[in-house]
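Comments concern the structure below.
The values are calculated or read from the model by the stated rules, or taken from the named source; none is laboratory data. Computed from a prediction, not measured in an experiment: that's the story for all the values here. Cβ coordinates were reconstructed from backbone atoms using ideal geometry, including for glycine residues, and neighbour counts include every protein chain displayed.
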Amino acid sequence: MDVINTFALEAAAPHKHAAARFEFARPAMEHAPPTTLETMFREHHALVYRTAYRITGSRTDAEDVLQTIFLRLMQSSEKPDTRDLNLRAEAYLCRAAINASLDLMRARGRASFVAFDDTDEAQWVKDSALNPEARHESIELRNVIRRTLAEMSARTAEVFALRYFEGYGNAEIARALDISPLVVGVQLHRARVRLQNELKKFLES
Amino acid sequence: MKQNKKQLENLLDETIASIHHTQPEAAHIEDAAARVWARLETHAQSDYAMNEIKLESAPAAQVRGCADYQTLMPSHIRHELSPARALLLEDHTRECVACRHAMQNLKDARNGVANRSVVQLQTKNQRVRASNRARPVAPLYQLASHVAQWRVAAAVVVACCLVALAVWQPFAPMSAVNMSVEAADGALYRIAASDTAPLTTGDRFAVNDHVRTAKDAQATLRLSDGSLIEMRERSQLAVEENRDGATINLERGQIIVQAAKQGDKSLFVRTSDALVAVKGTTFSVNSGTRASRIAVIEGEVKVDAGGKQHSLHAGEQAATRTGLETVPVAQEISWSKNAARYRQLLAEAKGVRADIDARITRPGRRYSTRLLDLTATGTVFYVGLPNWGESLGEAHKQLQERLAQNPALAGWWQGQNTNNANDTKREAHIGFMMDRVRAWGSQLGDEIAISATLDGKGEPAPLVLAEVKNANGFREFLTREIETLKSQSNGHVSIRVIDDLSNVANATPPAVSNDAVKKSRGDSTRRDSRRDMRQDKPRQDKAPQELFVWIHDGFVFASPSLDALRDVAAKLESGNTTRDAFHERLADVYRDGTNFVLAADLATILARRDAITQDTAQDAATRDAMLHQTGFDDLQFLIIESKDSDTRTENIATVSFKGARRGMASWLAAPHAMGALDFISRDAHLASAFVVKQPATIVDDLFATLRNVEPDALTEIETAQNESGVNLRADLAATMGGEFAFAIDGALLPFPSWKLIAEVYQPAKLHETLTRLVGKANERLRAENKPGLEIVTSELGGHTYYTIKSANFPVEFNYTFAEGYLIAAPSRALLARALETKASGDNLRQSPRFIAALPEGSDPNYSALFYQNFAGALDSIAPFAGRFAKKGNGDLRNGQPRPADIIARVPTVAYARAFDDRIVISAPSKDAPFGITPATLLGLPGSSFSMSDVMKQGTGEQ
């Protein structure tokens, strides 16, 4: 079996239980989206949402990304063969979620991103065992990482997110993006150096 | 701090790991997914309506069965299929019923619903033929056979349109064609019922067209009144217009509206959960799935969301759901192309109102006064006013400074105040008055008192008194002010400053004043009375009097009566501080703290009534008898005061009596629990309830009064009692308890759902009395050959209902007895509902709005209560109310507030408590005393009251 399919299925596996419980409150509709899209949404919405949430750190944005991706699928005229897509859906959606999230953050721009105070994540950090200063710093540091990612080249940011946020191996990423593992390695290194510099700048400011 | 590489590596890894482990809650994911899916469905629906069938799967690569054939159909309909495949599909649909249906459905969807009826009329063969041609062309003969039907249909449609036009003419759109796209950046679509078209700059669109921006697109629309709507990406709206103004239905997304001046109309924005009304301002509405958020950039908007009304000012924001975070307004509008300009406007306009209210301290409660003890013994009238002069003058000055600094703001202010060409003159006039107010305010202490005694002829001798801050400079200031006033009023002001009271003669008015008198008398014939109003105090009298001003010992006194000033002088000299009862009562008021107090010594005024009214001896005797009988000759004091606290203002009126209340004055009973309120639902529009002493005693009082005052009327009543056999006291009043309530609780149209609840001790006897009264009425009606009344008894849910109705009168009177109360209403259904309300315990007293409107305080009971909440009711009658209101315009501001607006829809409560020797009536109001702050007085947005309006009224300008 294709390696990409394997990793995609594994990656999605922890979220399967959520998808199984999902019940759509669907009114009877004459023109409902066809089953293929519905099935895909039913099975993979959680994957998309989680991925987007990690990158944006915001529930609102994650929801926007989820909508963007499926709307795009709905409207895309040059979309790939459905049966084919179904097999690779998870890998496709994971990448789509990463890119849509990064797009969103790029569009938002640097200034407003700093101003953006995400209470969702603030809540998450508050629940953790950190003291107040550490909590605040933790949120700030994440925002530095997220902001910097949005400023990097699209490919580098995608590779970085797949590797470190989603936990894929270098070889898997290389195959998925159809690039050499060496290039993956170089891009990850560059990204890390850049992020370290940004963290340094942040801590010194 | 210098970070080494290793530390940075670790920090990076830790942060990355924390992001990696970030987990949103499952519930959030599922909620979000459900919302997104709902939106996708809506989108799919509209996409189908657009005939853009994009949702089905791509054409199958290899055709194996019906499912694959069906994936080919959309391409086939679009003529995109290869000839070989088309042939294959056509062949299959001939044989397969399911696929034929599927194909037909797709075509129907594509061609719109309008064609469906025609298609359904086709025979099976025709359908097959039509599908063979791959294009739905109705056969010629079939069209011909439908021509007759179409004619009939067309005739019906035209007739309906004409009727509808006649009926709806008053509500018809004023200018449906004048809406256009001002600017479009990116894809913008017009989505009507049957077609979708891209819109570009300059294109027009109609009412009820859905206008949608695509992703990454922005657009600006212009409405017929000149209002501009800036649409964010992925937003959709439709505009309705009628005589009350335009309504923008924001279906989703975000818009910024620059509303044009609306005149007597309003511009509305409606989202799924909020209604926003404006008169001319700039604001943003963001309608999301979770909730809507409204942010104001400039001016004021009214928001009605979830049954609550808010008034938002520049820089303020409201969300329709608690929990929806607010973001800074500047951020909310950051997507706009005009964001920079809005931000600037925001910073300015927002500042002014808040700044003025914050920097100007309103006069607080006063707990003591030196003025009260200076008023003469025998004072019958006293007013203590806070010195607003300095606050108000300062506020005006600050506003002027702000306007001078900022041209944008000045333009806005101009727009707020400019209605006619005379405005510059008015502005100057306001400026002049404000300068006076400010100057006087800064010279005087924190209180200005007006008192009056009654002279020998019963004429009031008024006295104005205040403390002077700077005694030495005041004399000079006063002289200057008098000169200014004289020059402004062409010498009509006659004020004399007195230095030595013992050396002034009343009879020798100075030459200047004599001239003024003559001149003003000559003028008065040419001058209309309204213009007289704007002159200063002395001018208001028919024969102008001189105003004497005496400055002494850090006080200033002014009065047209030298005697009043001499009384004060005597009091100051003797150091006599003995107080009479009226002064003591007022001292009590001050001890509790007060912002404003108005008091009258009713006992003394009543004692002097002969001198005041100059009635003949006979009239006086009747009058005295009536006063005694009603118990009002025991009146002592009337005190009206306003007390300001942080959150609200209590406006209290107290009427006190010399002893225990007697006669009519004692009808209102002491505070008591009101069980009658339990029958009134929480949605009542109006409710009033009161407790009285025994109704039988009331009848006695009434009869006793009539015996003295109108003996003839009493005889008539007694005759009627004898004829009917019903004794008002024994058969009616004695059966009743002491509690009454009246409510409008339910629909207002076509007939108000009134409800009357009365406590009853003897329901059987009361019912019998009512039956007897109906019987007597019937006898009389029969004598006149008219159909009589009948009482119908019915049982429902264990309750007995009585309905009094007449054959030739459409209105019924229904009543029933429950738990010691009589409940009456115009229909049996309303009675049943009242009983349900009582049984459920979910009544008016549980309504949060009602509770919020009640004052805090220790006593849980009232003697009388009045509550109104017409917020919901106005919606149902809005179209009518709005039209009626336009005719009469009694309010200060042109065209507002109209009942149909969501303005002034705050529920209000007023209540009274009766004690042995006094009745206290109270009406709390929010904000400052009578809703007045420095900013509102200056007419800054957010006020229904403004100084400029008062000036306008005062100077008689239109």
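Here are the numbers for this structure:
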{"read-out": "Condition broken by A:GLY109, with the remaining ones in (1) within 29 Å of B:LEU8 (Cβ to Cβ); (2) at pLDDT 85 or above; (3) within 11 Å of another protein chain (Cβ to nearest Cβ) satisfied", "value": "(2)"}
{"read-out": "Answer from B:ASP683, B:ASP644, B:ASP712 - the residue that is of a type in the set (Asp, Glu) and at pLDDT 85 or above", "value": "B:ASP712"}
{"read-out": "Residue match in region A:172-186 (condition: within 11 Å of chain B (Cβ to nearest Cβ) and among the acidic types (Asp, Glu))", "value": "no"}
{"read-out": "Subset of region B:711-759 (residues that are surrounded by 14 or more Cβ atoms within 10 Å (Cβ to Cβ) and in a loop (DSSP other than H, G, I, E, B))", "value": "B:VAL726, B:ASN727, B:ASP745, B:GLY746, B:ALA747, B:LEU748, B:PRO752, B:SER753"}
{"read-out": "Single condition A:ARG190 does not satisfy, out of (1) out of contact with any helix residue (DSSP H, G or I) (no Cβ under 6 Å at 6 or more places or on another chain); (2) at pLDDT below 90", "value": "(2)"}
{"read-out": "Lone qualifier among B:ASP185, B:ASP195 - being at pLDDT 85 or above and over 13 Å from B:GLN236 (Cβ atoms)", "value": "B:ASP185"}
{"read-out": "Residue check, A:ALA191 buried (at least 21 other Cβ atoms within 10 Å of the Cβ), under 20 Å from the mean Cα position of the chain (by Cα) and either more than 14 Å from chain B (Cβ to nearest Cβ) or assigned to a helix (DSSP H, G or I) (or both)", "value": "yes"}
{"read-out": "Evaluation of B:ALA98 against (1) within 12 Å of chain A (Cβ to nearest Cβ); (2) modelled with pLDDT under 80 (one fails), failing number", "value": "(1)"}
{"read-out": "Breaking point among (1) modelled with pLDDT under 85; (2) surrounded by 14 or more Cβ atoms within 10 Å (Cβ to Cβ), for A:ALA129", "value": "(2)"}
{"read-out": "B:ASN10 surrounded by fewer than 17 Cβ atoms within 10 Å (Cβ to Cβ), at pLDDT below 80 and of a type in the set (S, T, N, Q)", "value": "no"}
{"read-out": "Unmet criterion (only one of (1) surrounded by fewer than 19 Cβ atoms within 10 Å (Cβ to Cβ); (2) in contact (Cβ under 8 Å) with a residue 12 or more places away in the chain) for B:THR697", "value": "(2)"}
{"read-out": "Residue selected from region B:841-859 under the condition touching a Ser or Thr at 6+ places or on another chain (Cβ under 9 Å) and assigned to a helix (DSSP H, G or I), by the criterion modelled with the highest pLDDT", "value": "B:LEU844"}
{"read-out": "Test: residue in region B:29-46 that is within 23 Å of B:ALA214 (Cα to Cα), part of a loop (DSSP other than H, G, I, E, B), facing chain A (nearest Cβ under 7 Å) and at pLDDT below 75", "value": "no"}
{"read-out": "Failed condition for B:ALA570, given (1) within 16 Å of B:VAL464 (Cβ to Cβ); (2) in a helix (DSSP H, G or I)", "value": "(1)"}
{"read-out": "Residues that are closer than 18 Å to B:GLU233 by Cα and either of a type in the set (Lys, Arg) or in contact (Cβ under 8 Å) with a residue 60 or more places away in the chain (or both), drawn from region B:279-289", "value": "B:THR289"}
{"read-out": "A:GLU38 vs. criteria in a helix (DSSP H, G or I), within 10 Å of another protein chain (Cβ to nearest Cβ) and either modelled with pLDDT of 70 or more or touching a helix residue (DSSP H, G or I) at 6+ places or on another chain (Cβ under 6 Å) (or both)", "value": "yes"}
